[in-house]
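The values are calculated or read from the model by the stated rules, or taken from the named source; none is laboratory data. Just so it is clear, the structure is predicted and the values come from calculations on it, not from any experiment. For neighbour counting, all protein chains shown are included, and Cβ atoms are generated from backbone atoms with ideal geometry for every residue, glycine included. Ligands, DNA and RNA are stripped out before the accessible areas are found, and what is left, the full protein with its side chains, is counted by its heavy atoms. Shrake-Rupley method; radii C 1.70, N 1.55, O 1.52, S 1.80 Å.
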Amino acid sequence: MNRIYTLFLQRNPDFKGGVSIAGHSLGSLILFDILTNQKDSLGDIDSKKDSPNMDQGDTLTIEEDLKKLQLSEFFSIFEKEKVDKKALALCTDKDLQEMGIPLGPRKKILNYFRTRENSMGINRPTPQSASGLNMSNIPKESEFCSSADGAGNDYLDVGIGQVSVKYPRLIYKPEIFFAFGSPIGMFLTVRGLKRIDPNYKFPTCKGFFNIYHPFDPVAYRIEPMVVPGVEFEPMLIPHHKGRKRMHLELREGLTRMSMDLKNNLLGSLRMAWKSFTRTPEPALQTSETTEETEAEPVSSSEKPSDVNIEDTSEAVKEEVPPINVGMLNGGQRIDYVLQEKPIESFNEYLFALQSHLCYWESEDTVLLVLKEIYQTQGIFLDQPLQ
């Protein structure tokens, strides 16, 4: 991605626009992990290289470094083992543990020295894998790299069966991230994440759209992880011709009709049951009682009207509830679902594989992507799609 971006700038030196990125299937998960591990500013590494404190740290002795970390009591151990700064740069967590250094000081020492090595551009020796493959044959990553724990190590076991990965750093800030048929939600759940903080957003990317086909077996939603206690439908991507597909409108119409018939039938049954169970009222002949009986229908007729007004007002309020889906997409909706074709609605299993590959030829998807990208440039549609 960095190479293509650099090549594009070389061929288009006057380009000053933004960059949006898209990932399909597992590629969207890779992009998600990369974006979540970016740094907020592209000048962080340069500022660290130019900072006087880091330059001064290179001239400090190991005793002064330990004193700076308030770990002077461990200097005698390093002196006994004849460990200088170069040897300490080669030490692992297991080596320090065998020297008798507790867990807390070990982590402080490793993080301090490895962070300083990264800021100064010092390359650590490349270990060999268990299969004998020399990792030095793999091309080195650029200086735009950051690790999840800031230690700069390639693969540090964190004790839960996972590793701390060194994520490449993009040399630009993407405007929008489009995920097509993405399993991000499933992988986050497998990793043990139960909920995404509503205030969380990508450090360098403002927009995030999770686009999927309703029959895609690989795609999962993101919004239920942000708002787990609320059930709501994803945003329906409009047809590129400006309306819903005919079979969807017909299906919704039949659904509404069946619901109306069901409600009317239940209402008539409820009224019949009340008429059967109502107790007979004795006839009263006094004038006072007749006035009361005349007033009762009025009051009884007024009460349902009040209740109906309240019910309708509450129903209107419930029709458009405010949905807060967090800041992952700048406060806007994240999940967008495509409309299936009429032939696909007959059997979703037959078109499962095809639905996972449909995004690149979907005119509805392209229209949504273009609309969102143009909005970042201040260009809006004359007629909104929704």
Checklist entry - Residues of the range 70-83 being out of contact with any Lys or Arg (no Cβ under 9 Å at 6 or more places or on another chain), part of a loop (DSSP other than H, G, I, E, B) and either among the aliphatic types (A, V, I, L, M) or within 26 Å of LYS166 (Cβ to Cβ) (or both), which ones? => result VAL83
Checklist outcome for this item: Flagged pairs (Cβ under 6 angstrom, 6 or more apart or on separate chains; first in the range 82-97, over 15 Å from ASN111 (Cβ atoms); second surrounded by 15 or more Cβ atoms within 10 Å (Cβ to Cβ)) are LYS85/ILE62
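Table: residues versus (1) of a type in the set (Phe, Trp, Tyr); (2) open to solvent by 50 Å² or more (accessible area, probe 1.4 Å); (3) at pLDDT 85 or above.
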residue	(1), (2), (3)
SER275	no, yes, no
LEU284	no, yes, no
THR293	no, yes, no
PRO304	no, yes, no
GLU310	no, yes, no
ALA315	no, no, no
ASN329	no, no, yes
GLU340	no, no, no
